[in-house]
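Bear in mind that the values in this text are calculations on the coordinates, not laboratory data. Being a predicted model, the structure only gives us computed values, none of them experimental. With ideal geometry, Cβ positions are generated from the backbone for all residues, glycine too; neighbour counts draw on all protein chains shown.
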Amino acid sequence: MSARPFRVLSLIPPMTQLNTPYPSTAYLTGFLRSRGFDAVQEDLALALVLTLFSREGLTGVRDAIVNIPKRERSALAHDFVEHFDLYAGTIDATIAFLQGRDATLAHRICSRRFLPEGPRFDALDVYVDPDDPDGGDPLGWAFGALGSYDRARHLATLYLNDIADVVRDAIDPRFEFVRYAESLAMAQPTFEPLASALAAPHGLVDACLHQLTLAAIKRHQPDLVLLSVPFPGAMYAALRIGQTIKAHYPDIRISLGGGFPNTELRELKEPRVFDYVDFITLDSGERPLLALIDHLQGKRSAQRLVRCFVREDGVVRYHNFMEADIPFEDWGTPTWDGLPLDRYLSLLDMLNPMHRLWSDGRWNKLTVAHGCYWKKCSFCDVTLDYISRYETASATTLVDRIEAIIAETGQTGFHFVDEAAPPKMLRALAEELIRRNVAISWWGNIRFEKSFNPELCQLLADSGCIAISGGLEVASDRLLKLMKKGVSVEQVARVTRGFAEAGILVHAYLMYGFPTQTVQDTVDALEYVRQLFAAGCIQSGYFHRFVCTVHSPVGQNPEEYGVTLKPLPPVSFAKNDVGFHDPSGVDHDTLGVALNKALYNYMHGIGLDDEVRRWFHGKVPRSQVPKHFIERALQFAER
């Protein structure tokens, strides 16, 4: 009787996202299968949410709250228990609706008499039609008379957020839909916060994840489990999964990888992490994984592992036997086989048509190229593999992958998750899609560079491009030059107008708090953003607070940016963020509140004709940006 094939189970730990699978396990599973391995995958993040947000799960939440003395319960928890029958009676149907399995429920949800409404529904007050402030439908301006399905999804999303608030308030303060216990891992110099949390008895969420993990292991009986940790908000749950496997299946080996270890665990010294996992690999996982499987099958020694941390004799050691990485062209086609594609939730948090793409719809995530072709931005981790190693695949290969994915999933929506998709490759991809008559809808991230002229924008639209996102960062030519972004505000205006005129939605990544940024720079940047919205160049945006990382040019050469770094404490676990002293002394926290408030309103078409100083608390200088700067830049481009 032949031995059972070596089986690899890839797991997505809570939390990542709910509308579509995070792509890491799909890539690894597809790659391993292309090399003849028995590879399977599961999404425990989705499974956890679907288990908690069910009639049985909410009953567990209610029972846990009831065990809290009444005088210690918050008003939120009290209201949930008081209206529990309404929540229990609507949760399963609402989840099915958000999964697209019961569209007719939209009529009852829109009646506003079906779902219990908690504090999250107060946000609807901001949507009152400015032309009808004393009455009418608060969502009428957004959805009109025929938009009942989207209206219902927005209301259902508020309902889920209300329940999530109850879970966070009364059950587990670390719980969120897109991250879980993030603060325990992110930039933590020691393992102590995670170790303390992992040593604590299981709460309701932990117990649920424990049972889901045992069921997955029993179902697949793997030899090796891969835990994909893209963000700090997935690390705690990943180690809880490892803890469960170690306790019940000690012979199964566990490897952890992904974006979080790639950026923050590169100098790992803490041996206690290996109480929960056996290996931690860095950077692209294909070559390290092949070496690891060889090792576990007795075909190579531990010293010949590739980019891999292990614990040996109680000490953390890093092995990096030099072997060439697997070329991007040879990664194979990602597969979603094994993931319940019909059970993901299309949520509608924001009504903005561009912003909603991140949470709405089941997108096949795919990469056009590995790394970044620009790799000069001074705020970016340009020294790390995910940025520095730039490789492409041919357009023929990419469209082959696209067609294979459509055949497997039945879905024609694609999100290209590149750091910045190169214009030359996007042109080739668009031409190949059109030549082969492959109909898809796609969106992705780019740099707003002049190569994206109106002709290319229209070609991309013809190939199925519906939206793009790109970094405007700090909308200041001085600061854009300092951060080596390689674009100007005028150039961004012209490029984004070209996309908009081709019918492509545009999202701008924005930044504040960059070294030497003044209050005047901040006010001027908001004025540029206001004008870009008013001109129809961008439809969506998000302001990020600048964070200095040890891998970025700012972190490595702070004197070039006029700042000094604050000393880091001794690091044995995560190392990424580093504080700095900026002699400008600007209170960026206060300014950030104003920026985000203004941007939220701009995305809903509010306040676009108002002076930008109205958004700031306290006195700020008048903008020095000419009132028609963007309009004139666009007129000049048309000559």
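Couple of notes before you dig in:
- Mean separation of Cα pairs under 8 Å and 6 or more residues apart, divided by the residue count, gives segment 330-424 a relative contact order of 37 percent.
- Mean separation of Cα contacts under 8 Å (6+ apart) over length of segment 445-594, as relative contact order %: 22 percent
- Ellipticity estimate at 222 nm from DSSP helix runs (n ≥ 4, -39,500 (n - 2.57)) divided over the chain, nearest 500: -11500 deg cm²/dmol
- Here the dipole of segment 138-270 is about 340 debye; that uses its Cα centre as origin and unit charges on the Cβ of Lys and Arg (positive) and Asp and Glu (negative).
- Antiparallel DSSP beta bridges within the chain, percent to nearest 5: 25 percent
- Peptides 21-27, 183-189 ordered by packing proxy, namely the average of other Cβ atoms within 10 Å per residue, highest first: 21-27, 183-189.
- Alpha-carbon centroids, segment 223-248 and segment 450-506: separation in whole Å: 39 Å
- Simple point charges give the picture: +1 on the Cβ of Lys and Arg, -1 on the Cβ of Asp and Glu, and for the chain a dipole about the Cα centre of about 960 debye.
- Residue-count net charge about Ala525 - beta-carbon cut-off 12 Å; Lys, Arg +1, Asp, Glu -1: -3
- 13 Å beta-carbon shell around Phe37, net charge (K/R +1, D/E -1): 0
- Taking the centroid of alpha carbons for each part, segment 27-41 and segment 80-100 are 37 Å apart.
- When each of the peptides 486-496, 203-213, 83-93 is scored by how many other beta carbons lie within 10 Å of its residues on average, the order from highest to lowest is 486-496, 203-213, 83-93.
- Of the peptides 290-303, 68-81, the order by per-residue mean of other Cβ atoms within 10 Å, starting with the highest, comes out as 290-303, 68-81.
- Pairs from Lys375/Lys597; Lys365/Lys424; Lys597/Lys619; Lys424/Lys484 whose Cα-Cα separation, in the structure shown, is over 23 Å: Lys375/Lys597
- Partnerless Cys - the chain, beta-carbon criterion under 4.7 Å: Cys110, Cys208, Cys308, Cys372, Cys457, Cys465, Cys537, Cys548
- When you restrict to C-alpha pairs under 8 Å that are six or more residues apart and normalise by the size of the chain, the relative contact order lands at 13 percent.
- With R₀ fixed at 51 Å, the C-beta to C-beta distance from Asp462 to Gln211 puts the FRET efficiency at about 0.55.
- The length gained by stretching the chain between Ser441 and Ala324 to full extension, at 0.36 nm per residue less their Cα-Cα distance, is 38.6 nm.
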